[in-house]
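Colleague: Supplied in structure tokens, the structure appears directly below.
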Amino acid sequence: MSGAVTDRLDWLPKLLVLSDFGGDWKAYIDAAYDGFAEDFIRSTPELFGKIVKSKRYVSYNGQDHSFWHCIEESADGPKSEENRIPKIGLIERIRWPRPIIEHVSSSSDVLAWTETVHGRGAKDRLHLFVPDEDYCVVLDPRGRGEDGKPSYYYLWTTFLCESERQHQKLLRRYERGRKKN
């Protein structure tokens with residue numbers, strides 16, 4: 001658990017830091033959204049030949065739901081959609097999801113697995129975890145092509161592991177998911 005981009009992960013962009021904006025929260029969020037929009041709205045990455053889209057309905061402040069879901073966490077636990085609050089560590093890494101998506105096939109630094117999550121019914125989600133940075137991107141596969149594979153993906157959320165216990169739990173989830181697939 002390092003928290004800083006290593007030389008081996010030089011394909012990850014530098015962190016977006018609030019102090020670079022003189023502590024101006026609005027300017028910081030606007031810059032974060034502009035980066036997100038560049039990566040997921042004005043253009044789209046591909047994963048396994050399928051596009052990865054932002055969830056385009058507006059969530060807050062005229063900005064996409066996926067953006068806010070990638071920079072916020074629930075104050076009431078991971079399953080709650082109420083009382084979500086911005087998290088600096090996630091905002092700093094808002095430019096990371098796209099390169100992680102684009103490097104999953106070519107980098108052993110990104111662990112990928114499909115996992116069934118339960119909420120309103122069971123749903124498979126694709127997790128892309130960078131263990132050296134304790135950062136995970138979650139994608140929601142949508143549609144089915146003729147090959148039975150997803151037609152496209154939604155960028156669903158991102159999160160940081162904040163403890164060694166959580167890090168180890170995610171590695172165990174990866175091992176389970178890898179065996180299942």
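Colleague: Restricting attention to region 1-32, and to residues there that are open to solvent by 40 Å² or more (accessible area, probe 1.4 Å) and hydroxyl-bearing (Ser, Thr, Tyr), which single residue is modelled with the lowest pLDDT?
Modeller: Ser2
Colleague: OK, next. Testing Tyr135 on (1) closer than 26 Å to Asp10 by Cβ; (2) modelled with pLDDT under 95, one condition comes back false. Which one is that?
Modeller: Of (1) closer than 26 Å to Asp10 by Cβ; (2) modelled with pLDDT under 95, only one is false for Tyr135: (2).
Colleague: If the Cβ limit is 8 Å and pairs must be 6+ apart or interchain, which residue in region 101-112 that is farther than 7 Å from Leu128 by Cβ pairs with which residue that is in a loop (DSSP other than H, G, I, E, B) and open to solvent by 20 Å² or more (accessible area, probe 1.4 Å)?
Modeller: If the second residue must be in a loop (DSSP other than H, G, I, E, B) and open to solvent by 20 Å² or more (accessible area, probe 1.4 Å), the pairs left are His103/Trp11; His103/Asp109; Ser105/Phe48; Ser107/Trp11; Asp109/Pro131; Asp109/Asp132; Leu111/Pro131.
Colleague: Continuing with the same structure: Please go through region 124-137 and pick out each residue that is of a type outside the set (D, E, K, R), farther than 15 Å from Ser105 by Cβ and open to solvent by 10 Å² or more (accessible area, probe 1.4 Å).
Modeller: Answer for region 124-137, where residues must be of a type outside the set (D, E, K, R), farther than 15 Å from Ser105 by Cβ and open to solvent by 10 Å² or more (accessible area, probe 1.4 Å): just Pro131.
Colleague: Next question, about the same structure. List, please: which pairs have Cβ atoms under 9 Å, are six or more places apart or on different chains, and start with a residue in region 59-81 that is over 14 Å from Tyr154 (Cα atoms) and end with one that is at pLDDT below 65 and not hydroxyl-bearing (Ser, Thr, Tyr)?
Modeller: From residues that are over 14 Å from Tyr154 (Cα atoms), the pairs are Ser74/Glu81; Ser74/Glu82; Ala75/Glu82; Asp76/Glu82.
Colleague: Among the numbered criteria (1) in contact (Cβ under 8 Å) with a residue 12 or more places away in the chain; (2) assigned to a strand (DSSP E or B); (3) of a type outside the set (A, V, I, L, M, F, W, C), which one does Pro150 miss?
Modeller: Of the numbered conditions (1) in contact (Cβ under 8 Å) with a residue 12 or more places away in the chain; (2) assigned to a strand (DSSP E or B); (3) of a type outside the set (A, V, I, L, M, F, W, C), the odd one out for Pro150 is (2).
Colleague: Does region 107-119 contain at least one residue that is out of contact with any His (no Cβ under 9 Å at 6 or more places or on another chain), at pLDDT below 85 and not in a strand (DSSP E or B)?
Modeller: Taking every residue of region 107-119 in turn, at least one turns out to be out of contact with any His (no Cβ under 9 Å at 6 or more places or on another chain), at pLDDT below 85 and not in a strand (DSSP E or B).
Colleague: Is there a residue in region 36-44 that is outside any loop (DSSP other than H, G, I, E, B), under 16 Å from Leu155 (Cα atoms), open to solvent by 60 Å² or more (accessible area, probe 1.4 Å) and modelled with pLDDT of 95 or more?
Modeller: Yes - at least one qualifying residue is present in region 36-44.
The values are calculated or read from the model by the stated rules, or taken from the named source; none is laboratory data. Bear in mind the structure is a predicted one, so any value in this text is a computation, not a measurement. All Cβ positions, even for glycine, are placed from backbone atoms using ideal geometry, and neighbour counts span all protein chains on display. Areas reflect the complete protein model, heavy atoms only, side chains present, ligands, DNA and RNA absent. Shrake-Rupley method; radii C 1.70, N 1.55, O 1.52, S 1.80 Å.
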